[in-house]
Amino acid sequence: MGNASSKAARKFPTKPSWAGARTDIPSEASKRASEFKSPAIEQDAMDPHFLANLSKVGPVKVPYASTAFRPSFDPIQNALKIRQKSEEQASQYTPTRNKLLVADLGDFLDLRKQHKTSSDIQALLSKYNVDPQILSRVVKYVNTPSIGETITSRKVTADGEQMILMKAAWIDPR
């Protein structure tokens, strides 16, 4: 009794029931609204249920049409504000002790290689606002790329440009 094979097969319709159905629209219903009351409007005004439903809905609130549309989030204005804020922060940059930007650290380490005397290094430390103890800890592990003195290969390209390949070297200024 409960087997699917004992039940009659169901057939579903191939077309929807409303396919091809059309309703005739009365000519008065297709007319646009007018400023004057027609007899149909007068007849609707006499219907108490219609009036009760209209009073529940209340008057139509139309926003003032000439008000300019101002979105609360304008992506272009937001991007300009963020850029302006970033530029203000960058112009007010004051270096803190023992903290450098990456580009400044690279410049600092390159200049350190050029300065040999302790007075030059002290002037460099004061310029970049870095303690000597911090410098000694950093230079154990961080350095900037330096070029070795031996040339590995030279090539001339088809354009006539010369390409020189050199090995990098760890230069430890002392």
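A few remarks follow.
- If you go through region 100-128 and keep only what is open to solvent by less than 80 Å² (accessible area, probe 1.4 Å) and farther than 27 Å from A90 by Cα, you end up with K113, H115, T117, S119, D120, I121.
- Of all residues in region 84-99 being open to solvent by less than 80 Å² (accessible area, probe 1.4 Å) and not in a helix (DSSP H, G or I), the one that is nearest to T144 (Cα to Cα): N98
- Answer residue from region 45-81, given it is surrounded by fewer than 10 Cβ atoms within 10 Å (Cβ to Cβ) and basic (K, R) and is modelled with the lowest pLDDT among those: R70
- Top-ranked residue of region 162-173 - restricted to ones that are more than 42 Å from the chain's Cα centre (by Cα) and not hydrophobic (A, V, I, L, M, F, W, C), ranked as surrounded by the fewest Cβ atoms within 10 Å (Cβ to Cβ): Q162
The values are calculated or read from the model by the stated rules, or taken from the named source; none is laboratory data. Note that the coordinates shown come from a computational prediction; the quantities given were computed from them, not determined experimentally. Note: ideal-geometry Cβ built from the backbone for every residue, glycine included; neighbour counts use all protein chains shown. These area figures cover heavy atoms from the full protein model, side chains too; ligands, DNA and RNA do not enter into them. Shrake-Rupley method; radii C 1.70, N 1.55, O 1.52, S 1.80 Å.
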